[in-house]
Amino acid sequence: MSKIDLYNKKWIDVVFEDKNKTYGAYKLRQENSWNTTKSLLMAGSVFIFLFFTPKIYALLKGMAPEPPEEVITEVVMAPPPPINPEVQTPPPVEPPPPKQDQIKFPPPIVKPDNQVTDEKPPTVEDLKKADPGQKTMEGDPTADVVQITAAGEGPKQAVVVEDNTVYSFVSMENPPMFPGGIDKFYKFLGDNIKYPPMAAENNIQGNVFVSFTVEKDGSLTDIKIDRKLGYGTDEEAIRVLKLSKRWNPGMQNGKPVRVKYNIPIKFSLAN
């Protein structure tokens, strides 16, 4: 009995003799050896791969070229030239005396009480006789009036650039509107649309999506069909939009602008 191999497939057939061998434990026992071997091989491969991954990474990193070393260049700055003691700064030039007497008007400065001096600002009577300035000096009635800045040509009127940008009605401050509101516009469409005979014969119903530009004067231009329905409905939608009276234009920053508008026109035989 010690030499009997219980894993031999002969013993499996003996145990499962006269029993259902299509599925269940018989099939599992038949494939047990192969499944065990396959599991061991897969687990061993994963373990070896994980074990050698750091070494492979270090090997690949060592094969990469090293970046070039930074070269530091030392720049020697030349010393400034020596100061020539014989060259002297010219004294400040005093401006010519004003045409009218001038009295010193010190600017207001906040100081502690122990630092306040007896210097007082000029009175109203003093300012009637002299102009305020940085220091007190007598005027020269014969002096010419000094013009500080050059005379210019005065402000010029800026060139008005007309805004011809076509805005979207979704982002408008005041979007364009048909006189009386959108309900009046749909009533206008219903009163003027003539159902195309070809569309009526083929029972064609649905929406024609149109887009147009509301100009600054309220007129409709650039009428296009964005999504067609066919059978003459597209042409009829364009024809009726051309009959529309002027809209109230869209306003942006208080000025009329051009606005692109999108709207569906419904064709229905029931109505």
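Coordinate-derived values only; no laboratory data. Here the structure is a predicted model, which means the values were calculated and not measured. Here the Cβ positions follow ideal geometry from the backbone for every residue, glycine too, while neighbour counts run over all protein chains shown.
Annotations for the structure displayed:
- Loop GluC sites (Glu not before Pro), region 160-221, which have at most 13 other Cβ atoms in a 10 Å radius of their Cβ (DSSP): 162, 173
- Note that region 200-211 has calculated 3J(HN,Hα) couplings of 5, 5, 9, 6, 8, 9, x, 10, 9, 8, 10, 9 Hz, one per residue in order, obtained from phi through the Karplus relation 6.51 cos²θ - 1.76 cosθ + 1.60 (θ = phi - 60°); glycine and proline are x.
- Summing charges over neighbours of residue 240, with a neighbour being any other residue whose Cβ is under 11 Å away from its Cβ, gives 0 when K and R count +1 and D and E count -1.
- Using the Karplus relation 6.51 cos²θ - 1.76 cosθ + 1.60 with θ = phi - 60°, the per-residue 3J(HN,Hα) values for region 177-189 come to 8, 5, x, x, x, 5, 5, 5, 5, 5, 5, 4, 5 Hz, with x marking Gly and Pro.
- For residue 247, residues with placed amide H under 5 Å, excluding near neighbours: 219
- Residues with amide H under 5 Å from that of residue 229, placed H, sequence gap 5 or more: 234
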